[in-house]
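Chemist: Sending over a structure as structure tokens; questions will come in a sec.
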Amino acid sequence: MSSPSDIEDRDTASATEANGASGEHPKETLSVTDNRTGRSYEIPITDGTVRALDFRAIRVAEDDFGLMTYDPAFMNTASCRSSITYLDGTNGVLEYRGYPIEQLADHSTYLEVAYLLIHGELPTATQLETWRHEITTHTFVHENIKEFLGGFRHNAHPMGMLLGATAALSTFYPDANDIDDAENRDIQTIRMISKMPTLAAFAYRHAQGQPYVYPDNDLTYSGNFLNMMYKMTELKYEPDPRLERALDILFILHADHEQNCSTSAVRSIGSSKVDPYSAIAGGIGALYGPLHGGANEAVLRMLRKIEHRDNIPAFVKGVKAGEERLMGFGHRVYKNYDPRARIIKAAAEDVFEVTGRNPLLDIAVELEHIALEDEYFIERKLYPNVDFYSGLIYQAMRLPVAMFPVMFAIGRTSGWIAQWREMVEDAEQKISRPRQIYTGERSRDYVPIDQR
Ligand code: CMC
């Protein structure tokens, strides 16, 4: 770990000037002058980044703790080095391990993408077949999980059930604690990806008051999920291939999104070296929140409220007056079209061919059309995000709104695990432990209760 060289009494401004004038290659460093002491420091820049810990050497006295950086909500702090997902928000680019999301959505399957995220390369035909076999033969859960789920109230939110059941898996697999063993990590990886749809479908059936449907290992990952959700009295459930494919695409699009709220939660919890089920249960908790996995539900409510295309101008006027938000629009990182939204829009058309056209789609398309031509949205770089159309597909698939974040969680599981594994294997990572700026009282004498 490099530390800044203390270049006391140096005139930083003229040094930089001299550099430029002499035509030398610019140095990959940052020169900082501490005006409290007059000292200057040279801090290395690597990958467009300075290390927060390098600032610790900047101090006013020997016993000073050193300078800290303050970054609530991690708006400008990289917490790791990662080679999993590349995101360029300005240009609307999303790549998994270097492969554009558009190509993966066109040509790949969710299981292949999960392999790619976790192992770093697209599998060969043999590797994919082994992977598919391993995942599909681990889809069953222990019978006691059924009893565990049965303990939830009839109207329990399926996301809360998924969270609890995922955490409970850690008690079924105590061997998962051995996170430093690479083979063990592989076993838990397979268990997690294979069992997540089973837990999700069981949570749904519980809410419906319907018997659980066991996995059918002849079906694809998405086909089996549809089977566990919708099979009734038929001997063999045959998923519609168009719905199966659309679902697979949705899982692909949600598989990873670098250091978002839930992924950061998984990494942070996992950094304590707890088992991966407990870490991912924490990620599900983060995803549960309306600012993260719950926006697609808000889009649906908004479209229902607008009710008819004729009401769109009045609605947009209200948004521009700051009375409400156009849900499914805008993104913290994407300041251009969210590439996932474009793919989902196309997938929605395929789904509606099977399910019949969702009348809310016409409102959504018109709303998007109007918003994209309006100065208010153009100026603020507000474009449809992944949630603008996904809720319409889920609704057409007869999913209750409460299941929307659960669908997100199934897809995101492979990304969470890939990120967890990368964190465990990264020698530079330690237990997550942010600092704080203490703003409270100090060193007060205890006051007996009768004197307060
Ligand atoms: N409708 C109307 N105005 C908006 C919207 C919107 N959806 N989003 C942002 N703005 C305006 C906002 O009022 C502000 O205007 P002004 O400069 O006049 O004050 C400007 O655009 C910048 O907004 P911001 O709130 O500072 O932007 P942010 O980066 O903090 O927020 C966001 C990002 C996604 C929370 C926000 O765009 C939003 O609330 N969108 C609607 C909710 C939504 O669709 N969320 C799903 C995100 S994608 C899923 C995921 O990855 O988890």
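The values are calculated or read from the model by the stated rules, or taken from the named source; none is laboratory data. Given the structure is predicted, the values throughout are model-derived calculations rather than measurements. Neighbour counts run over all protein chains shown; Cβ positions are idealised from the backbone, glycine included.
Chemist: Which of the residues that make up the range 74-96 are in contact (Cβ under 8 Å) with a residue 60 or more places away in the chain and of a type in the set (S, T, N, Q)?
Modeler: The answer is Ser79, Ser82, Ser83, Thr85, Thr90, Asn91.
Chemist: Also, I was wondering about something else. For Tyr96, state whether it is surrounded by 16 or more Cβ atoms within 10 Å (Cβ to Cβ) and within 16 Å of Thr189 (Cα to Cα). Please lay out each step first, then the result.
Modeler: On the way: surrounded by 16 or more Cβ atoms within 10 Å (Cβ to Cβ): yes; within 16 Å of Thr189 (Cα to Cα): no.
Criteria not met by Tyr96.
Chemist: Within the range 100-121, track down each residue that is crowded, with 16+ Cβ neighbours inside 10 Å and part of a loop (DSSP other than H, G, I, E, B).
Modeler: Step one: filter the range 100-121 for residues crowded, with 16+ Cβ neighbours inside 10 Å, giving 101, 104-105, 108-119.
Those that are crowded, with 16+ Cβ neighbours inside 10 Å and part of a loop (DSSP other than H, G, I, E, B): Ser108, Thr109.
Chemist: Related question: Collect the residues in the range 377-401 that are surrounded by fewer than 22 Cβ atoms within 10 Å (Cβ to Cβ), assigned to a loop (DSSP other than H, G, I, E, B) and near the ligand (Cβ under 9 Å from one of its atoms), keeping them in residue-number order.
Modeler: Within the range 377-401, Arg380, Lys381, Leu382 meet the criteria.
Chemist: Return a yes/no flag: does the range 440-448 have any residue that is of a type in the set (Phe, Trp, Tyr), in the same structural domain as Gln259 (by TED's automatic domain parsing) and assigned to a loop (DSSP other than H, G, I, E, B).
Modeler: No - not one qualifying residue is present in the range 440-448.
Chemist: Further, regarding this structure: Among the residues of the range 321-341, which ones are over 24 Å from Phe74 (Cβ atoms), without any contact (Cβ under 8 Å) to a residue 60 or more places away in the chain and surrounded by 13 or more Cβ atoms within 10 Å (Cβ to Cβ)?
Modeler: Scanning the range 321-341 gives Leu326, Ala341.
Chemist: Further, regarding this structure: Taking the range 287-305 on its own, how many of its residues are assigned to a helix (DSSP H, G or I) and either crowded, with 19+ Cβ neighbours inside 10 Å or not assigned by TED's automatic domain parsing to the domain that holds His254 (or both)? Write out each step before concluding.
Modeler: Applying the first criterion (assigned to a helix (DSSP H, G or I)) to the range 287-305 yields 287-288, 295-305.
Filter once more, keeping what is either crowded, with 19+ Cβ neighbours inside 10 Å or not assigned by TED's automatic domain parsing to the domain that holds His254 (or both): 287-288, 295-297, 299-300, 302-303.
Here the count works out to 9.
Chemist: Would the range 100-116 turn up any residue that is closer than 22 Å to Glu183 by Cβ and of a type in the set (Ser, Thr, Tyr)?
Modeler: Let us first name the residues in the range 100-116 that are closer than 22 Å to Glu183 by Cβ, namely 111, 114-116.
The next check asks that each one be of a type in the set (Ser, Thr, Tyr); those that pass are 115.
For the range 100-116, residues closer than 22 Å to Glu183 by Cβ and of a type in the set (Ser, Thr, Tyr): present.
Chemist: Of the residues Thr126, Thr130, Thr90, only one is of a type in the set (Ser, Thr, Tyr) and part of a loop (DSSP other than H, G, I, E, B); which? Explain how you work it out, then say what you get.
Modeler: Values: Thr126 fails: part of a loop (DSSP other than H, G, I, E, B); Thr130 fails: part of a loop (DSSP other than H, G, I, E, B).
None of the other options fit; the residue is Thr90.
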